[in-house]
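Nothing in this text is a laboratory measurement; each read-out follows from the coordinates by a stated rule. What you see is a predicted model; the values in this text were computed from it and never measured. We place every Cβ from the backbone using ideal geometry, glycine too, and count neighbours over all the protein chains shown.
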Amino acid sequence: MRDTAATCSLPDSLLDWYDTHARIMPWRVSPADRAAGVRPDPYRIWLSEVMLQQTTVATVREYFQRFTSRWPTLQDLAAAPDADVMGEWAGLGYYARARNLLKCARAVVEQHNGQFPADHAALLKLPGIGPYTASAVSSIAFDLPYTVLDGNVERVMARLHDIHTPLPAAKPELMAKAQALTPSYRSGDYAQAIMDLGATICTPKSPACGICPWREPCLARKMGTAAELPRKLPKKAKPIRHGTVYLARREDGAWLLETRPDKGLLGGMLGWPGSDWVDATGSRPAGRAPIEAQWHEAAGEVRHTFTHFHLMLTVMRADLAGDPTPETGRFIPVSDFRPSDLPTVMRKAFDLIQ
């Protein structure tokens, strides 16, 4: 059977669809504005792509608008205190992204005079920029013919070509198919168009095949297999880890917090002192309390899911008299304490005692 998907008309038909149906994004230049000569800001494209990794567009919008309001340029972000950036990132998850965000911004200022290089190889040398982000910035910001392959594009390619190899083994084949379709013209619009197609038409469940611009050449639609693609290997069950956190408040309202180590989960974020998180078959790990006090266990527990495991935390609470000296961490005055600056799992612990 001839693969009718591999035709030169596919990019054009998708771009025609995108010209009418492009989603409105705070970081995006519309196809009409782009045609009129408006160029995307590489800083905003890069920032949005980093935020969108493992996160939905709906969640990212508010964070992006806050970030760009507070730090409107790359130079502003590069000069920002680490703690301020980590605080604004709180709740967005995958906190290594925030640390790399600062490293990358500062590297661009130091090595490229504050301007993202319009060179794919140079982008790959920057901290925190991998193949996907480099391709996204190259195509969307600089209109270079690089192929983006996110989950939306993988799904579109699997259905368009009726590819049944399960993910992640199918990634090289899906990338090859996507690269074969990437045009040398309007590359930025095309990259956004194919992601929009997957997000709004070729959705994981109940794809709207009847209004898809690629409905005719789509092999999965013809074979009746669209609903089962892309195939994925069964996920392994996530282990459950346990731990304890200690929430101590001084008479003046100050809270005892610590900055977590740069490496590891929640690296560089503010958090409550506590035990290690371990697989526990018997009693839950309590670790060492950060200060001598009368500790009381809060009713209930914190449950939170990370990428590779579920976490269950016991929450201990103490009210402190006088001005005690903690063994670890520091007191944050009530005027400087914002629960929103805490990562989600730590905010859940705070909410539990309110």
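Some notes on this structure:
- The charge dipole of the range 242-313, taken about the Cα centre with unit charges on the Cβ atoms of Lys, Arg (+1) and Asp, Glu (-1), comes to about 140 debye, rounded to the nearest 20.
- Using a simple spin-label model with pseudo-atoms 7 Å out from Cα toward Cβ, Thr200 and Asp279 lie 4.5 nm apart.
- Ranked by the mean number of other Cβ atoms within 10 Å of their residues, highest first, the peptides 241-250, 74-83 fall in the order 241-250, 74-83.
- Estimated FRET transfer efficiency (Asp323, Ala286; beta-carbon r; R0 25 Å; 0.05): 0.50
- Spacing of the two label points (7 Å from each Cα toward its C-beta) at Glu62 and Glu216, in nm: 4.4
- Note on Ser184 and Ala35: the model spin-label points, each 7 Å out from Cα along the C-beta direction, lie 2.3 nm apart.
- Hydrodynamic radius of the chain per Kirkwood, over alpha carbon pairs, in Å: 22.9
- Rounded to the nearest 500, the helix-only mean residue ellipticity at 222 nm of the chain stands at -11000 deg cm²/dmol, with each DSSP H run of n ≥ 4 adding -39,500 (n - 2.57).
- Euclidean distance of C-alpha centroids, the range 98-115 and the range 53-92, integer Å: 14
- Sites Thr73 and Val334 - FRET efficiency at Förster radius 45 Å, r taken between beta-carbons, to 0.05: 0.85
- Fully extending the segment from His304 to Asp262 would add 13.0 nm, taking 0.36 nm per residue of separation and subtracting the current Cα-Cα distance.
- Cβ-Cβ distance of Arg231 and Gln54, R₀ of 30 Å, FRET efficiency by 1/(1 + (r/R0)^6): the value works out to about 0.90.
- The range 197-354: Rg to Rh, with Rh as the Kirkwood radius over Cα pairs: 1.22
- Here Lys171 is the anchor, and the lysines within straight C-alpha reach of less than 28 Å, apart from those fewer than 8 places off in the same chain, are Lys125, Lys205, Lys222, Lys232, Lys235, Lys236, Lys238.
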